[in-house]
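What follows is one structure encoded as structure tokens, with my remarks underneath.
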Amino acid sequence: MKSSEIARTEHGRQFVLVFEVGDEVVQQLNSWCNERQITAARLTGIGGFSTATVAWFDWQAHEFREVRIAEQVELLAISGDIAEQDGKAAVHAHVVLGTRDGTTRGGHLIEGYVRPTLELIVDEVPAHLRRRYDPDTGLALIALEDSSRIR
Amino acid sequence: MKSSEIARTEHGRQFVLVFEVGDEVVQQLNSWCNERQITAARLTGIGGFSTATVAWFDWQAHEFREVRIAEQVELLAISGDIAEQDGKAAVHAHVVLGTRDGTTRGGHLIEGYVRPTLELIVDEVPAHLRRRYDPDTGLALIALEDSSRIR
Amino acid sequence: MKSSEIARTEHGRQFVLVFEVGDEVVQQLNSWCNERQITAARLTGIGGFSTATVAWFDWQAHEFREVRIAEQVELLAISGDIAEQDGKAAVHAHVVLGTRDGTTRGGHLIEGYVRPTLELIVDEVPAHLRRRYDPDTGLALIALEDSSRIR
């Protein structure tokens, strides 16, 4: 994966990331955010995966159920945000995937192996986004507080 | 739903919105925009719904056909814009939803009940976006005019 | 298609584009980018198509397989970027489409005929994004280099 910082304003940096064949997105994105101390951002992009694992949140059981997509797919949409969780950057991304016959799959992204490419744009947002464990859902959810308010 | 204004430039404000279990998105977003006098913006986000209603535009009949999604789904993508219609903010959003088996549904968002969370980013755009009734389609469409041109 | 430049900063211009019934998106967007010398941007939007052709990249054959969608669909998500390829602007966009029954299709966008509308926001990015032929994949991929780094 190669990245390039393309803009820097008082409100944050903007990056373009281009992944290569075989790169696993979630792990590389988490590492990259931690290296650059990016703890609040949003991401969008398109590309393709050779295989991926997505998940669906089972509200009754309060846990994720994984679905394995073991085929080449177009990455039709990836949307997500980056927040701080337990002192580290944590990527939360959802994906929509397109198969050979034009039907689609998708879910919460657990892992995705890039093929042939993935083009992401990451925009820092000028807030302190922090995930906190939420006992009602069993999930780490973004907790907005006054401290996250810039103005 | 909690919101936090995270940036303000000459070109508009940027907000993070975090919805809670049971919140209905479309109605709350319309109210929130009207309270803050936001009449031109775009929104992106991810989350989950306990139930949702989406719609497909029937071109022959010139009306929307509703499809009810009566199950827990991942909100894989929500894209939309906010424009002024009849003097009030009107949200126009499309969603892609992921089910338990990784298949997807989607349409024009009529209503969606958040569960477990919904994380939205709303960016004001520095234009006057106004929807006007279009007799050819029977829809309120954004009418770009010279007056919407800033430079 | 009508467009309006709504913001201009040191980091680039922002445009709203509203397409009309019958407009073909890919060709019109490529022409529009070339007229305005836009060679690095990202785009997002929502709308509807009367018909569309999407594609899936066949990794073994190293070529795209087309899937024709010959029905009215909601354009649930369009994500993409604009880069320079062989001296001209080249749009690379992926779409998710919603059908009458709420199921979805999608792929790499080959062509899409707008009906009833398409509302796009195009943001220039302050980088030189250039696609180069990649012999390993047979595709024109964005090549990030030091020259694309602004700071």
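The values are calculated or read from the model by the stated rules, or taken from the named source; none is laboratory data. Given the structure is predicted, the values throughout are model-derived calculations rather than measurements. Cβ atoms come from the backbone with ideal geometry, glycine included; neighbour counts cover every protein chain shown. Please note that ligands, DNA and RNA were not included when accessible areas were found on the heavy atoms of the full protein model with its side chains. Shrake-Rupley method; radii C 1.70, N 1.55, O 1.52, S 1.80 Å.
Scanning segment A:111-131 for residues that are in contact with an Asp or Glu (Cβ under 6 Å, 6 or more places away or on another chain) and at pLDDT 95 or above, we see that the one that is least open to solvent (accessible area, probe 1.4 Å) is A:VAL114. Residue count for segment A:4-24, restricted to those that are in contact (Cβ under 8 Å) with a residue 40 or more places away in the chain and either β-branched (Val, Ile, Thr) or closer than 19 Å to A:ARG115 by Cβ (or both): 9.
Only one of the listed residues (B:GLU84, B:GLU119) is of a type outside the set (Phe, Trp, Tyr), more than 10 Å from every other protein chain (Cβ to nearest Cβ) and in contact with a strand residue (DSSP E or B) (Cβ under 9 Å, 6 or more places away or on another chain). That residue is B:GLU84.
Inside segment B:1-12, residues that are open to solvent by less than 50 Å² (accessible area, probe 1.4 Å) and either over 19 Å from A:ALA83 (Cβ atoms) or among the charged types (D, E, K, R) (or both) make up a count of 3.
Could you tell me whether segment C:77-94 includes any residue that is in contact with an Asp or Glu (Cβ under 8 Å, 6 or more places away or on another chain), within 26 Å of C:SER4 (Cβ to Cβ) and not in a strand (DSSP E or B)? No, because not a single residue in segment C:77-94 is in contact with an Asp or Glu (Cβ under 8 Å, 6 or more places away or on another chain), within 26 Å of C:SER4 (Cβ to Cβ) and not in a strand (DSSP E or B).
Of the residues making up segment B:124-144, those that are in a strand (DSSP E or B), among the charged types (D, E, K, R) and either out of contact with any strand residue (DSSP E or B) (no Cβ under 8 Å at 6 or more places or on another chain) or at the interface with another protein chain (Cβ under 9 Å from one of its Cβ atoms) (or both) number 1. As a summary of the residue check, A:ILE82 satisfies the conditions (1) among the β-branched types (Val, Ile, Thr); (2) farther than 28 Å from C:GLY98 by Cβ; (3) surrounded by fewer than 21 Cβ atoms within 10 Å (Cβ to Cβ) except for the one numbered (3).
Failed condition for B:TYR113, given (1) outside any strand (DSSP E or B); (2) more than 10 Å from chain A (Cβ to nearest Cβ), with all others met? Only one criterion is unmet by B:TYR113, namely (1).
State yes or no: is B:GLY107 farther than 16 Å from B:GLN27 by Cβ, without any contact (Cβ under 8 Å) to a residue 60 or more places away in the chain, open to solvent by less than 10 Å² (accessible area, probe 1.4 Å) and among the small types (Gly, Ala, Ser)? Spelling it out, B:GLY107 is indeed farther than 16 Å from B:GLN27 by Cβ, without any contact (Cβ under 8 Å) to a residue 60 or more places away in the chain, open to solvent by less than 10 Å² (accessible area, probe 1.4 Å) and among the small types (Gly, Ala, Ser). If you go through segment B:1-25 and pick out every residue that is over 24 Å from B:HIS108 (Cβ atoms) and touching a helix residue (DSSP H, G or I) at 6+ places or on another chain (Cβ under 6 Å), you end up with 1. Restricting attention to segment C:14-44 and to residues that are charged (D, E, K, R) and open to solvent by less than 50 Å² (accessible area, probe 1.4 Å), the residue that is farthest from the other protein chains (Cβ to nearest Cβ) turns out to be C:GLU24. Among the candidates C:ALA127, C:ALA90, C:ALA70, the residue that is more than 24 Å from C:ARG8 (Cβ to Cβ) and among the aliphatic types (A, V, I, L, M) is uniquely C:ALA70. The number of residues in segment A:45-75 being farther than 26 Å from A:LEU139 by Cα and either among the basic types (Lys, Arg) or open to solvent by less than 30 Å² (accessible area, probe 1.4 Å) (or both) comes to 8.
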